[in-house]
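Taking it in order: structure first as structure tokens, then the write-up.
The values are calculated or read from the model by the stated rules, or taken from the named source; none is laboratory data. These numbers come from a predicted model, not from an experiment. All Cβ positions, glycine included, derive from the backbone under ideal geometry; neighbour counts span all protein chains shown. With ligands, DNA and RNA removed, areas are computed over all heavy atoms of the protein, side chains included. Shrake-Rupley method; radii C 1.70, N 1.55, O 1.52, S 1.80 Å.
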Amino acid sequence: MDPQQLSQLEALCERLYNSQEPNERAHAEQTLRCFWTSTEYITQCQFILDNSSHPYAQLLASSSLVRQVTENSLSAQLRLDIRNYVLTFLFQAAESVQPYVSTALVQLLCRVTKLGWFDTDAHHEIVKDVTKFLQASPAHYFCGLKIFNQLCMEMNQPTPGRSLTQHRKTAVSFRDNSLFHIFPIALQSLAQLQKDPNADARHLEQAILLALKCLSFDFVGTSLDESTEDPGNIQVPSSWRPLIEDSATMQLFLDVYAATKPPLSSMALECLTRLASVRRSLFTTEAERTKFLARLMAGTREILRTQQGLAEHANYHEYCKLLGRLKTNYQLSELVNVENYGEWIQLVAEFTIKSLQSWQWASGSVYYLLGLWSRLVSSMPYLKGDSPSLLEGYVPKITEAYITSRLDSVQAIVAGNLPDDPLDNDEQLQDQLDSLPYLCRFQYESTSKYLLSLLDPMLATYVEIGRLTSSSGAEAGRLQILEGQLTWLVYIVGALIRGRISSASAESQEVIDGELASRIFQLIQVMDTGFHATRYPEHSRQLLDTAVLAFFQNFRKVYVGEQAMHSSKVYTRLSERMGLSDHLMVLNITVSKIATNLKCFAACEEVVEMTLNLFQDLASGYMSGKLLLKLDSINFILGHHTRDHFPFLDPPVNTRNRTIFYATLGRLLFMEDTPGKFNAFMAPFTIVCNNLAAAAGDVNAFRSQQVKNTLIGLSRDLRGIALATNSRRTYGLLFDWIYPAHMPLLLRAVEIWADTPQVTTPVLKFMAEFVLNKTQRLTFDSSSPNGILLFREVSKLIVAYGSRILQLGSVGEPYASTYKGIWVSLTVLTRALAGNYVNFGVFELYGDRALADVLDVALKMSLFIPLADIMSFRKVAKAYFSLLEVLCNNHTTVICACDAPTFQHLVRSLETGLKSLDVSLSSQCAAALDNLAAYAYNHRPVTETTPPAARALQQHLTDQPTLFSDILKTLFEIILFEDCSNQWSLSRPMLSLILLIEAEYTGIQTQIAANLPPEQQQRLTGCFHKLMADVTRSLEAKNRDKFTQNLTIFRHDFRAK
């Protein structure tokens, strides 16, 4: 590259990173993409770094090298050369290079170090090499800390394109060889910088971040869930013991916290949280661990005493997490024996109460504090010894403070002082309610009296307002506050009742449960009467109803159905106060509320969905389902389930919920063997279908909006009923109703509405459920033609849809307009082909084109979607590969009869599927390839009696000689180099392919070995030599199992270091 070319490149880089014009950026990217896609340009990147001072050119070179190193398998020597070059460059240019270029180069250094970790021991010298940076100028010092930070992060997270096993192997080696040396460097740097009043804040930030990265390292490969903030127990290696036990380590973080502001101070607290989470077995003796705990409690006590830094929200949040970890990692008996425990628990209680009162500021942190106190209370039964816990004096106050703060939040919301209602944050609400039962049940009698003192006057006021005929603005605001406060109390009572499951409550606590529950049932009796019946559109009223539904769910789990305690004192108290003497009467109230909600909340999707989920849960339990059938209200619903009685069926927003509704009704309907009841239940559907059939002759009339909505609703309703048919008897009832009378209507709907996915998708999804042979429900008599007739209808439907959708093509967003309908169609066909209720030989025998036509259309639809798009959409991939598996297993002749390009595309797509990270997909592809290879092997050599399909397959393999050898090579690479959890599935096609292409097998071994270092080549050759030991040339089950055993040994022997 001459100076002129370098100047042009710098101008392109300027446009790539700085231009405001998209076209300019796109042109620059297209021109420069060779730098990160072709390995030939690695030397050019080095040339740019050596000869250009333009920062954007340097950024291009460094970021391109990162991609080159990550995406390509470079030689060990080249990786080492890049590492050494970057180290030298960073040391020489540390004071002049731009921060963003430095960041990219540091990432490159750490990435190449990780990828080359096992190439040579030179990579293990990284700590020694980077330590030189810390002994030079301030700029070098900063760069050195930055490298250590990035290195810890790089080694702690999986690299794209590498298996989890490879990642863990490198991480463990790094942990043992290097991390142990980096952590003391972090502590030493932090101590020096903290004492220096003139220290650069950036250096201090890097030092504390490095200490945090070291303590956050995934030492044993357990921290795969990044969604949780809880670090769990930290499995620090035993070699770290002196540093952890040293009091100076903890004191250093406490000093840094006291001397800094966020984010540095909050990171110091996070380091303390990690220290508090260190595993118990690390400490030399229990005495050492007790000293450690005492220092931790003293440090947290001092922070509470001085309130140092707690006015900063970031510090406050981390401090709450630190308190939460104390009880998670230590027993209450250990805490109470620490000196000054009494002062500590008093300060923590005062801090908690103050936090609850300042809920607007601390809403996200309350979870940790409630978790701390709930765990403390849960440990009380196991507390032994003379040391008092002192919890009795604080827990009721904390409980009351929480309840009071929730009620106060309602007034702030109504007054407009808060942008977000805590009741709208479901996740946060649930987290808090999970901890509450432990606190409330600790001193249940006093807590219940407090709750009742709040509930009774509110209920009286609520009843009084219900008698009004209208309300003023002030009255409406008052009612809104009342509804909000009742919502909180209903949620709290529901949570307390759910807590009965996990607490060994005495009978006296069941009496209290009855007292509290009776108040909620009183509320339920009046909330749909009088003036309250006009409040359904109001958001505060909808929240109240969601709370009531949550209460029903919690009460059901403890006191209704299979788990019900019939002699429970709850019903004694409910009978005294409400006349509810058993769970059947409670169920009656529940069903009445369900019916009311479905009538009155038609426009509120959330309430409708929660109501239907409750209804479904009740019907799903065998005992509760049987109980429901005893209720007159359920029998009324089964006889009157149309939109006239349930307006929620009308709004389009509820169409998805219709399926749940009818699945639940279907489940209740089919619990009894009453065909007459079924016919009465289906009568409204018969009328709807007949009306639609009458309009189907006129295309314009059938394309109306009303017909569209009716078809969508009908399809979703029928799918729900089909979901409920789990036996041959119940399926037969639905089949006899729909065939032959109403099948033509579904076909007509697909023909006329093919361009409208909102219609075709529900129709096809119904059919996908209808043809699914779950629990062997599709078992017809041996003399019945129903299986064949059903498949003919499936064929007509898919051919009608497929032929039209292929003509229309993708309009707008391809998944919504085309791909979704295609994958559902392929699912319908796959389920019909694999259902084992059709003798497919009949079609060819009698010249029926149903099978041939549907397979032809299905293959065309499969080819319509580009392979890249198939792999991008999981549901599309699942349907596509499921169909190929069924075809290769049961209809191999169809695959073999394809033309050469189609056959190659299908087989290559199976090879792509093998590489999928989705185990179920790769297993399906392996099964499909095994069937195909076994079919080819079992029909060799070709003779006069060889079937035409086998001849066609042999011709395909002759025309494309590398097809199966490439797949076998891919399978070996997955087994050898990747973390495959479905090794058994992948081993099946490997034996078939080895026997089929024995001549190419030796060449494949050579190709795989050629990319490995010399010492690994020898080991691989030895492994290959043993692979076929005692394996014969047959595909019998015993021989396959022997090969699978050998393959397991082959993989283990090669991967063992």
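On full extension of the chain, what length is gained from residue 415 through residue 95, given 0.36 nm per residue of separation minus the C-alpha to C-alpha distance?
Working: separation 320, 0.36 × 320 = 115.20 nm, distance 5.61 nm.
In short, 109.6 nm is gained.
Add +1 for every Lys or Arg and -1 for every Asp or Glu among the other residues with Cβ under 14 Å from the Cβ of residue 536, and state the total. Working shown, then result.
Details: positive: 535, 541, 593, 599; negative: 483, 528, 538, 545, 605, 606.
Charge balance in the 14 Å sphere: -2.
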For the pair residue 693 and residue 67, the simple spin-label estimate (label points 7 Å beyond Cα toward Cβ) gives in nm 6.1
Over the range 1-72, with neighbouring protein chains present, the accessible area per residue in Å² at probe 1.4 Å is 54
Rounded to whole Å², per residue accessible area for the range 121-173 with a 1.4 Å probe reads 39
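Note the full-extension length gain between residue 162 and residue 306 as 0.36 nm times their separation in residues minus their Cα-Cα distance, in nm to one decimal.
Values: separation 144, 0.36 × 144 = 51.84 nm, distance 4.96 nm.
Roughly 46.9 nm would be gained on extension.
Can you give the FRET efficiency to the nearest 0.05 for residue 1006 and residue 1052, using r as the Cβ-Cβ distance and R₀ = 22 Å? Please report the intermediate quantities before stating the final value.
Working: r = 22 Å, r/R0 = 1.01.
For residue 1006 and residue 1052, the calculated efficiency is 0.50.
How would 220, 172, 907 line up by accessible area, probe 1.4 Å, largest first? List each step's numbers first, then the result.
Working: 220 75, 172 50, 907 0 Å².
Largest to smallest exposure gives the sequence 220, 172, 907.
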Taking every C-alpha to C-alpha distance in the range 83-220 and binning by 10 Å from 0, the per-bin percentages run 12, 45, 34, 9, 1
Computed from the beta carbon distance with a Förster radius of 60 Å, FRET efficiency for residue 407 and residue 726 to the nearest 0.05 stands at 0.80
Note: residue 1021 to residue 259 extended length (0.36 nm per residue) minus current alpha-carbon separation gives 268.2 nm
Expected field for residue 671, accessible surface area in Å² at 1.4 Å probe radius, rounded to 10, holds 40
For residue 1026, the aspartates and glutamates lying under 12 Å Cα to Cα, once residues fewer than eight places off in the same chain are dropped, come out as 1053
The correct ranking of 96, 1034 by accessible area at 1.4 Å, largest first, is 96, 1034
Distance in Å, no decimals, from the C-alpha centre of the range 371-416 to the one of the range 93-141 is 50
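Need one number: the % of Cα-Cα pairs in the range 981-1032 sitting beyond the 16 Å mark. If you can, show how the numbers build up before the last one.
Working: 663 of 1326 pairs.
Counting every Cα pair in the range 981-1032, those more than 16 Å apart make up 50 percent.
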In the neighbourhood of residue 401 defined by beta carbon distances under 12 Å, the net charge of the other residues (Lys, Arg +1; Asp, Glu -1) is 0
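With only Lys, Arg, Asp and Glu charged, each at its Cβ (+1 for the first two, -1 for the last two), find how big the charge dipole of the chain is about the Cα centre; round to the nearest 20 debye. Please list the in-between numbers first.
Details: 94 positive and 105 negative charges, 351 e Å.
For the chain, the charge dipole is close to 1680 debye.
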Inter-part gap, Cα centre of the range 523-598 to Cα centre of the range 1-35, in whole angstrom, is 68
For residue 346 and residue 246, extending 7 Å from Cα along the Cα-Cβ vector and measuring point to point gives, in nm, a value of 3.6
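Would you please calculate the Kirkwood hydrodynamic radius of the chain over all C-alpha pairs and express it in Å, rounded to one decimal? Write out the running numbers ahead of the final one.
Working: mean 1/r = 0.0286 Å⁻¹.
Computed over Cα pairs of the chain, the Kirkwood hydrodynamic radius comes out at 34.9 Å.
Diagonalise the Cα gyration tensor of the range 1-72 and give the resulting equivalent ellipsoid semi-axes, square root of 5 times each eigenvalue, largest first, whole Å. Could you put the intermediate results ahead of the total?
On the way: eigenvalues 67, 46, 20 Å².
That gives 18, 15, 10 Å for the three semi-axes.
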Probe 1.4 Å, heavy atoms of protein chains only: per residue, the accessible area of the range 250-295 in Å² is 37
Per the charge dipole of the chain (beta-carbon charges, Lys/Arg positive, Asp/Glu negative, Cα centre), the residue among 314, 583, 967 reaching farthest to the positive end is 583
Placing each pseudo-label 7 Å from Cα in the direction of the beta carbon, residue 331 and residue 889 end up separated by a distance in nanometres of 5.3
With the charge dipole of the chain built from beta-carbon charges (+1 for Lys and Arg, -1 for Asp and Glu) about the Cα centre, the Cα from 758, 827, 655 projecting farthest to the positive end belongs to 827
Rounded to whole angstroms and listed largest first, the alpha-carbon spread of the range 112-160 along its three principal axes comes to 33, 21, 12
Carbon plus sulfur, as percent of the 1.4 Å-probe accessible area of the chain, comes to 51
Around residue 740 (Cβ within 13 Å, Cβ-to-Cβ, excluding residue 740; K/R +1, D/E -1) the net charge comes to 0
